[in-house]
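In what follows, a structure is listed as C-alpha cells, so that the remarks can point back to it.
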Ligand code: ADP
Ligand code: MG
C-alpha cells in the first residue's frame with residue numbers, strides 16, 4: 001500500500017466484503033477488497049466475468065452498501081453516513097456510465113442529460129451546460145433526438161454527458177462500450193480519456209479494452225472477489 005494523505009484519494013476501500021443470498025445459499029462476492037484511486041487518475045479495473053467488478057463499482061458509487069469494511073470518497077468516511085447522507089454525497093460527487101445506457105425513451109437527449117441536474121436541484125437545472133456537454137460529446141445536432149433516433153454509440157455519448165452534468169469529481173463506468181461495435185467503442189474511450197484530461201475528474205472504469213488499459217494511470221486486476229494486482233503505470237499529469 002502506498003503512502004498518501006487521505007485527502008489525495010478519490011476512492012479508498014479497506015477490507016470490503018459483500019455476499020448475496022440466492023435462496024438459502026450464500027454467495028461471497030467480495031472477499032476483502034483494498035482499493036486505492038488517487039484524485040484525477042484514470043483507473044482501469046479488469047478481470048474475468050463474475051469476479052465482483054460490478055458489485056465493487058456499485059459499492060464505491062454508494063448504490064449499495066458493503067457488509068463489512070470501510071469506504072472513503074474523497075476522504076469522507078461513507079461507513080458513517082446514513083441512507084440520505086449517502087445519496088447526497090453520491091449526487092454531489094459521482095457520475096455513472098453503465099453498460100446499458102438507461103436513457104428514458106420518452107425524453108430527448110437534452111432532457112436525459114438534464115435529469116441528474118433536476119434531481120439535484122429541480123429549480124436550477126443547468127440547460128446551458130447540458131447543451132455544452134452534448135456539443136462536447138459530438139451531439140450538437142442531436143440535442144432534441146429521442147434515444148430510439150440515435151445510434152448505440154450516440155446513446156452512450158448522451159449517457160456520458162448525463163454522467164457529467166453535475167460536474168462530478170468521480171466518474172464510474174461499468175463496461176460502457178460493452179454493447180458497441182469496435183469503432184464506436186474506441187471513439188467512446190478516446191472521449192472519456194480526453195474528458196479526464198480536460199476536466200480532471202477521476203475515472204474508474206471496468207473494461208476489457210486494452211487501449212484503455214494502456215492509457216490508464218492505474219491498472220487493477222480482479223479475481224474471485226479480490227484485487228489480484230494493482231499497479232501504477234503512469235503518473236497523473
Ligand atoms: P462482474 O461484474 O465481475 O462480472 P458481478 O459483480 O456482476 O461480477 O457479480 C459477481 C457475482 O455476484 C456473480 O456470481 C453474480 O451472479 C453475483 N451477483 C451479483 N449481483 C447479485 C444479486 N443481486 N443477487 C445475487 N447474486 C448476485
Ligand atoms: Mg459486471
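None of the figures in this text is laboratory data; all of them are computed from the coordinates on show. All figures in this text were calculated on a predicted structure; none of them were measured in a lab. A quick note on method: Cβ atoms are made from the backbone with ideal geometry, for glycine too, and the neighbour counts reach across all protein chains shown.
Listed peptides 58-69, 33-44 appear in the order 33-44, 58-69 once ranked by packing, highest mean of other Cβ atoms within 10 Å at the front. The simple Förster model, with R0 at 25 Å and r as the Cβ-Cβ distance, assigns residue 167 and residue 233 a FRET efficiency of 0.35.
Counting only DSSP H runs of at least 4 residues, each contributing -39500 (n - 2.57), and dividing by the residue count of the chain, the helix-based mean residue ellipticity at 222 nm comes to -10000 deg cm²/dmol. Here the alpha carbons of the chain define both size measures, Rg and Dmax, at 17.5, 52 Å. Using Cα atoms only, what is the angle between the long axis of helix 83-93 and the major principal axis of the chain, expressed in degrees (0 to 90) to the nearest 10? Once rounded, one gets 60 degrees. Take every DSSP beta bridge with both residues inside the chain and express the antiparallel ones as a percent of the total, to the nearest 5. The antiparallel fraction comes to roughly 60 percent. Computed from Cα positions, the angle between helix 127-136 and the longest principal axis of the chain comes to roughly 80 degrees. Across the range 192-237, the mean sequence separation of Cα contacts (distance under 8 Å, 6 or more residues apart), normalised by length, yields a relative contact order of 26 percent. Each part reduced to its alpha carbon centroid, the range 168-229 and the range 9-62 end up 15 Å apart.
In percent, rounded to a whole number, the relative contact order of the chain is 28, using alpha-carbon pairs under 8 Å and six or more apart.
If you take the beta carbon distance between residue 89 and residue 27 as r and set R0 to 25 Å, what does 1/(1 + (r/R0)^6) give as a FRET efficiency, to the nearest 0.05? Efficiency, rounded to the nearest 0.05: 0.35.
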